[in-house]
Amino acid sequence: MITITMLMIPPLLPEIPLTGEPRAPGLATSKIERERLSKKLQLYFTLRKNRVPGMRANTLPVRGRGVPGKPRAPGAPIVAGFYVTWDDNSLDALLQHADDLDWVVCECAWLGANGSGLRMRIDRRVAVTIASAVPDLKLRPQIFIMVSNFDSATKRWDPVGLRHLLADTASRELALKQLTDSVSYYGMGGVTIDFEEEPQELTEPIARFVAELRRRLAPMGKLVTQAASVNDSDHQLTRFAEVNDYLFLMLYDEHFGKTGDPGPIASQQWFVERMKHMLRFVPAQKAIPIVGAYGYDWNDGDSTTNGQQLTFQEIMSAVRKADKKVLHFDSVTLNPYATWTDRDSTDHLAWYLDAITAYNQTVAAQALGTAGMGIWRMGSEDPAIWRVLGKAGIDSSAALLSVIPPGYDAEMEGSGEILDLFASPDSGSRTVRIDPKTRLVVDEVIHKVGTPYIVNRYGSNDPHLIALTFDDGPDGKWTPMILDTLKSRGVSATFFLIGENAERHIPLMRRILNEGHLIGNHTFSHPNLAFTGDKRTKLELDATERLFEAVLGRRTAFFRPPYFGDAEPTTLDELVPAQIAKERGYLIIGLHIDAEDWQSPGVQTIIDTVMAQRTRGNVVLLHDGGGDRSQTLAALGPLIDSLRAVGDTVVPLSELIGLTRDQAMPGLPPRNRLARAGELLGWGTLSLVQWLLYWIFFLAIFLGFARLVFMTVLAIAQHVKNHQNRDAPITFAPSVSVIVPAYNEEKVILRTIETLIAQEYPGELEVVVVDDGSPDGTYEVARAAYGDHPTVRVYRKPNGGKASALNYGLEYATGDIVICLDADTLFAPDTVAELVEPLHDPKVGAVAGNAKVGNRINLVTRWQAIEYVTSQNLDRRAFSLLNCITVVPGAVGAWRKSLVQKAGGFSEDTLAEDQDLTLSIRRRGFSIAYADEAIGYTEAPDTLGGLAKQRFRWSFGTLQCLWKHRRTFFHPRYGLLGFVALPNVLLFQIIYPFLSPIADLMFVLSLWSAWAIREAHGATYALTSVEQVLTYYAVFLIVDWLASILAFTLEPDEDKWLTWLIFLQRFAYRQVMYWVVVRSVMAALRGRVVGWGKLERKATVELETATSRS
């Protein structure tokens, strides 16, 4: 309770005195200054499995318009967004605004080498993101494959490769097939062709290619569209319009950055004039104008940056950071521009397109009756446009554009690897003036520039200081050896520990601290925080921190999120957890040097990888947990030596920002010591419970496995011994009385009597039927049919229970041997003879027969048939060899009448009168035999409810017998009965069912944990213990199945196909049995009295089927 309470209160982390400004390389836009240092692991690990990522509601912008995601009405404008794979912001924009789009045009196909077919790269993140943002399949935008002739290697359009593709029949056919197959396989909406800077002579080949593609896609209901430039000729526009379903009109780049003079990107008048001209050759109902969403920066600085393309956010960021800046809106062109001066005196002029220009241009396009509008490109736009744009086009007032939402991209200040989340998103504002006649915005004044997440990066200015960090430990095998290596080199490192690993290795965690290393928080269970909720993120951080405080008496201010693929969080899904960590006082530790040892690339490769990256930063990422770290261990010593050889010094992480170890991990204040003691008690209790559950699981498997092997071996030995003289004739034939107690057995009593009088028994045989006051017609039916039969006697008595009815029949029985059976049981013709034969030995006091389920009509009864063969009868075989059978079944069993009378008859103080009498006779020194050929077919419950009712009575009776005969336990006088048989009943029929649900729960939880970890993190992070659990459980199931097959083999006439139901039986049927045992124990503790517990008889046992199995 203390631990849970403490987890509800966030820990107060130490104040970290970060001094000085972030280490910055100078003013530059966030996109330019960042270098992607490694792949985005959090997206790779999750989206490679096609999982739908979680979406944080608090990251979505507030909208001021109507219901999002409404379906597009017939004739409504098409809203298309162009998605690019090379900008994370495109994915963020798609996640937030997918419900506003009808089409998503995704660049995922380029010309192959020299125009030989296409190079396809379907970005599955697009479909997954759309599914997350728009759960309703009917409302999701369609995805189009965009085919481009842009060459990313040369950064130019490739007309030569395009010419080859169109001219070469094989290449052209391959490209057509690739597109058709991809559209069909991925369920795309169609294809968009984007062939630019194409020579005029390729117009007709392009048109034929598009026409053929359209012919192939049309039967599937798919569309073909094409992007048309303002530079395309009138003939090209006409021809392309003829062969496409729709044509995108690229109405931007009035002034082009790299090759043009500064000027508006798409002035309103130019946009309208060019659109009108293109609409002379392209039908308006086929035309979809594209509005631009970017700008160009012209400056007097470096020629490499002059005229470069910037996003709206990058321009706003540059303006916000500059000391001298002015934001303008040109009233003639209706395009905005900005001017600013950098700290190095570089002057900038940037014309750009924003939500105002997109609004004005869309209004103009709608007025001309075009089919819709498109945005080039998702992620670079002014996010305010989505406040007025949706599936119906412009559907809200331009006044809503006064709010400027923060951009998608986080801004990084500095170049170190120790990160501090400096600012959270804050919207900007502007005033807009609308012309009431034209509905156009004719002026805007930006009062405040929106602020995105801002992350300050700190680090050392000394490139020769290197901090080694280890993630995912502690590991009981690898961490101690890594610590030994660090100690031998005199090096301190930082270990980012997973809480659940640290909880299992508390002494190891203390050793890390005691040997001078730093410890950081790496969450408690290593989830991907990009796809967990805020509450889970907080709990992951707090649980780990509380563990550190409880065990170490210190706090840590260092946190590294799992799967931190580079030195900074950049996407919303990364930034929200980072903000939570910031609110708790953590510094986020990034990295610029990734050894990639988690891939086990080889010892020398690990060393070479680090040495090749060492000039990039100061922090090295290694791993001491999460898998086989033998290569990391082998590389560590030589790596340290190599770093020192080039003049580097390995230092603690805290030294990079001028902190001592005690400042980075201060001790708890005195007032927290009592709380720490409580936390230690809480964590100790949790660890103990976890340890107990773990070992209960293995104990349950071990006991079950050992018993299974033991019983199987004994059963085989018994079978061999018992069948050595099977051909010998049966000569022992004393007088026999068969007692049939009956209560509400009207449906089955006659068939039972029929099988008894048909017995092939050479001696005297009488049938004594005792009706125990049945309210139905049991007595009347039996009396009418067999009242005059010479060997059948039918009696009636007041209701008193089954034992009472048996004792009543015993008084009237005249035979030396008494056979008892339930009124729903059918005997095979030779059952009586087989039951009596073992009694020729005067030391045998009773004989247990072979009970089988005779009504195998559904899954429930078939499961019981398996249980009778593999459990009850197998046990009797084994225990008969040890002379310690504990129960002669009431359905088919024989007794010496004299012994029964000496024992006082059938006891009426337990529900298991057959087991009680068996134990009484066994305690008198007589043995119990097993006659496996004496077969009785009983009617088993055919519903789970009926089964539970029956087994509750059995289990309750077993508990009564164990208590009644408790002095037999471990008494030398009773031999194996007291030392083996009864302890077996107690352990495996009473105690084991209490342990087994825990074992099954652990197994299910282990499976779920392994699946979740593998899905999110890959197989490397699935804990070894989980693999052991799965292995042991699988071995147990296989051995159990093989033993069951053997049990069926010992029953030569059994249906062997039932063995295939064993696996399902173990997981479903067994749970009912567990519940019954627990319920019976609770009833026994309450002193509850249980009666007959009668089941409804349905007369479903077929004698023909029964005898065919005998």
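Would you check which residues across segment 356-388 are more than 19 Å from H255 (Cα to Cα), among the aliphatic types (A, V, I, L, M) and assigned to a helix (DSSP H, G or I) and list them?
Scanning segment 356-388 gives V363, A364, A365, A367, A384, I385.
Here's the yes/no breakdown for (1) modelled with pLDDT of 90 or more; (2) crowded, with 24+ Cβ neighbours inside 10 Å; (3) assigned to a helix (DSSP H, G or I):
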{"position": "S804", "(1), (2), (3)": "yes, no, yes"}
{"position": "V818", "(1), (2), (3)": "yes, yes, no"}
{"position": "L835", "(1), (2), (3)": "yes, yes, yes"}
{"position": "G845", "(1), (2), (3)": "yes, yes, no"}
{"position": "A848", "(1), (2), (3)": "yes, yes, no"}
{"position": "A851", "(1), (2), (3)": "no, yes, no"}
{"position": "V860", "(1), (2), (3)": "no, no, yes"}
{"position": "E867", "(1), (2), (3)": "no, no, yes"}
{"position": "S871", "(1), (2), (3)": "no, no, yes"}
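Do we find a residue being closer than 30 Å to A318 by Cα and touching a Leu at 6+ places or on another chain (Cβ under 9 Å) anywhere in segment 495-507?
Among the residues of segment 495-507, not one is closer than 30 Å to A318 by Cα and touching a Leu at 6+ places or on another chain (Cβ under 9 Å), which makes the answer no.
Answer yes or no as to whether L279 is surrounded by fewer than 22 Cβ atoms within 10 Å (Cβ to Cβ), under 29 Å from W351 (Cα atoms) and either touching a residue at least 40 places away in the same chain (Cβ under 8 Å) or in contact with a Ser or Thr (Cβ under 6 Å, 6 or more places away or on another chain) (or both).
yes
Scan (1) farther than 20 Å from E417 by Cβ; (2) at pLDDT 90 or above; (3) out of contact with any Phe, Trp or Tyr (no Cβ under 8 Å at 6 or more places or on another chain); (4) crowded, with 19+ Cβ neighbours inside 10 Å for the single condition D542 breaks and write down its number.
(2)
Count, please, the residues in segment 766-802 that happen to be aliphatic (A, V, I, L, M), farther than 29 Å from P838 by Cβ and surrounded by 22 or more Cβ atoms within 10 Å (Cβ to Cβ).
Residues in segment 766-802 being aliphatic (A, V, I, L, M), farther than 29 Å from P838 by Cβ and surrounded by 22 or more Cβ atoms within 10 Å (Cβ to Cβ): 2 in total.
Which strands (runs of 3 or more DSSP E) sit wholly inside segment 389-490 and have at least 3 residues that are under 30 Å from T370 (Cβ atoms) and touching a Lys or Arg at 6+ places or on another chain (Cβ under 9 Å)?
441-448
Kindly indicate the residue of segment 806-816 that is part of a helix (DSSP H, G or I) and of a type outside the set (S, T, N, Q) and also surrounded by the fewest Cβ atoms within 10 Å (Cβ to Cβ) among those meeting that condition.
The selected residue is E811.
Restricting to segment 507-538, name every residue that is β-branched (V, I, T), over 28 Å from the mean Cα position of the chain (by Cα) and in a helix (DSSP H, G or I).
Once the filter is applied, which keeps residues that are β-branched (V, I, T), over 28 Å from the mean Cα position of the chain (by Cα) and in a helix (DSSP H, G or I), segment 507-538 yields only I512.
Just the residues that are among the hydroxyl-bearing types (S, T, Y), free of Cβ contacts under 8 Å to residues at least 60 places away in the same chain and not assigned by TED's automatic domain parsing to the domain that holds D102, please, taken from segment 371-425.
Result: no residue meets the conditions.
The values are calculated or read from the model by the stated rules, or taken from the named source; none is laboratory data. Because the structure is a prediction, the values reported are computed rather than measured. For neighbour counting, all protein chains shown are included, and Cβ atoms are generated from backbone atoms with ideal geometry for every residue, glycine included.
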